[in-house]
Amino acid sequence: MIDLRSDTVTLPTEAMRKAIYEAELGDDVYGHDPTVNRLQELAADLLGKEEAMLVPSGTMGNQIAILTHTSPGTEVILEADSHIYYYEAAAASVFAGIQPRPLPGKRGSLSADLVEWAIREDDIHLPPTSLICLENTHNRAGGTVVPLEDMQAVYQVALKHNLPVHLDGARIFNAAVASGVPVKDYAACTTSVQFCLSKGLGAPVGSIIAGTHQFIEEARRWRKRLGGGMRQAGIIAAAGIVALETMVERLAEDHANARLLAEGLAKIKGIEFNPEDVDTNIVIVKPTTMSIRQLGEELEKRGILTVAIEPDRIRFTTNKEVNRADIETTLQQVKDLLG
Ligand SMILES: *Cc1c(COP(=O)(O)O)cnc(C)c1O
């Protein structure tokens, strides 16, 4: 199978399995797992934040950040197609009791002017704004890199209004590798950051959230409340360390494969799509001569897995389990079906 459904399908490398086997362990709920502590220090250092914490998933990381920054009855500004709004089963409403305020972005980026316009005035009719969420790279916009200047502009607005900014940086390393901007620079215009170890970086499980010492202290209590306190979590952290130390630069290969796929798909007649929209490892296209369902099914019969992300759009996500030859096979199959 050529699995282009997501970069979450990636399997741990030999080095990760070895690191897992050899990991020195302790009870992380007491803060006594040396491998978890090492991962957290490494992550905080990479992001330029005071402290970092391992969490079971990106979703839990985002939700812990929202729970830590907000209180019930307040409003959270976020992008209308963001993962937090679209793909987290309304968790922020259920757990944090916040009201989301979705705003339209351009290629996943929120304009600072629009954000400022949406911040609530002090009026008893209105929910107070408590948090601004950004996403980089932006998943549903097609793995687009949100420019650093856009994030800085939103952060300036946030500072002016004394609001925290949370970055859903599930794929922030993809953004950094594609743009050449260090992750630290992106993190510098946020109050808290979440990133996934378990996507393109190839670790089997886990995400990191990072921020100030005080933020992480409160976040740790939320993680416990949600049942995310894990005991000998060094088993997970060991692979995360290998991911951060050895798997970041190779994201460029995923981006090159996505570029190859994009250029090829753009040449196929029955597809509507601009390859310039592809910044990283996600390619979203609209077939015009076949339904999404039928195209997905036909590709699957030919050993290629994709996902329908809209009634009329299909997503291909390159990842380390897929090589250049697989991309060429995929292009040939799509061409045979649509061309
Ligand atoms: C995958 C993803 C998440 C959630 O990560 P999980 O580990 O699957 O819960 C959050 N945000 C974005 C943008 C993602 O792509």
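The values are calculated or read from the model by the stated rules, or taken from the named source; none is laboratory data. All values reported here derive from a predicted model rather than from experimental measurement. Please note: Cβ atoms are built from the backbone with ideal geometry, for glycine as well, and neighbour counts cover all protein chains shown. For accessibility, only protein heavy atoms count, side chains too; no ligands or nucleic acids. Shrake-Rupley method; radii C 1.70, N 1.55, O 1.52, S 1.80 Å.
Structure summary
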| item | result |
| --- | --- |
| Total residues in the range 116-150, condition over 30 Å from Pro275 (Cβ atoms) and either away from the ligand (no atom under 16 Å from the Cβ) or touching a Gly at 6+ places or on another chain (Cβ under 6 Å) (or both) | 15 |
| Only one of Gln214, Gln232 that is closer than 27 Å to Val9 by Cβ, open to solvent by 60 Å² or more (accessible area, probe 1.4 Å) and either within 16 Å of the ligand (Cβ to nearest atom) or assigned by TED's automatic domain parsing to the domain that holds Leu42 (or both) | Gln232 |
| Candidates Ala153, Ala96, Ala91, filtered to the one that is more than 12 Å from the ligand (Cβ to nearest atom), closer than 28 Å to Ser198 by Cα and out of contact with any strand residue (DSSP E or B) (no Cβ under 6 Å at 6 or more places or on another chain) | Ala96 |
| Single condition Ser130 does not satisfy, out of (1) open to solvent by 20 Å² or more (accessible area, probe 1.4 Å); (2) touching a residue at least 60 places away in the same chain (Cβ under 8 Å) | (1) |
| Close pairs from the range 70-89: first farther than 23 Å from Asn162 by Cβ, partner near the ligand (Cβ under 10 Å from one of its atoms) and among the basic types (Lys, Arg), Cβ under 7 Å, at least 6 apart | Asp81/Arg140; Tyr86/Arg140 |
| Meets criteria (touching a residue at least 12 places away in the same chain (Cβ under 8 Å), over 19 Å from Asn162 (Cβ atoms) and within 16 Å of the ligand (Cβ to nearest atom)) for Gly108 | yes |
| Residue list for the range 185-239, filter: in contact with a Phe, Trp or Tyr (Cβ under 6 Å, 6 or more places away or on another chain) and either under 12 Å from Ser57 (Cα atoms) or β-branched (Val, Ile, Thr) (or both) | Ile208 |
| Qualifying positions in the range 257-274 - free of Cβ contacts under 8 Å to residues at least 40 places away in the same chain and either open to solvent by 50 Å² or more (accessible area, probe 1.4 Å) or closer than 19 Å to Val177 by Cβ (or both) | Arg259, Ala262, Glu263, Lys267, Glu272, Asn274 |
| Given (1) open to solvent by 10 Å² or more (accessible area, probe 1.4 Å); (2) closer than 20 Å to Phe215 by Cβ; (3) within 16 Å of the ligand (Cβ to nearest atom); (4) not acidic (Asp, Glu), number of the condition Gly31 does not satisfy | (3) |
| Criterion: in contact with a Phe, Trp or Tyr (Cβ under 8 Å, 6 or more places away or on another chain), under 22 Å from Glu41 (Cα atoms) and in contact (Cβ under 8 Å) with a residue 40 or more places away in the chain - qualifying residue of Val242, Val248 | Val248 |
| Qualifying residue in the range 288-307 (condition: on the phi < 0 side of the Ramachandran plot, in contact (Cβ under 8 Å) with a residue 60 or more places away in the chain and open to solvent by less than 20 Å² (accessible area, probe 1.4 Å)) | yes |
| Looking only at the range 183-209, and only at residues there that are within 11 Å of the ligand (Cβ to nearest atom) and hydroxyl-bearing (Ser, Thr, Tyr), the one that is surrounded by the fewest Cβ atoms within 10 Å (Cβ to Cβ) | Ser198 |
| Residue among Leu163, Leu148 that alone is more than 18 Å from the chain's Cα centre (by Cα), among the hydrophobic types (A, V, I, L, M, F, W, C) and assigned by TED's automatic domain parsing to the domain that holds Val76 | Leu163 |
| Checking Val76 against (1) among the aliphatic types (A, V, I, L, M); (2) within 12 Å of the ligand (Cβ to nearest atom); (3) in contact with a Cys (Cβ under 9 Å, 6 or more places away or on another chain), the condition it does not meet | (2) |
| Some residue of the range 113-123 being acidic (Asp, Glu), touching a Ser or Thr at 6+ places or on another chain (Cβ under 9 Å) and either open to solvent by less than 20 Å² (accessible area, probe 1.4 Å) or not assigned by TED's automatic domain parsing to the domain that holds Val283 (or both) | no |
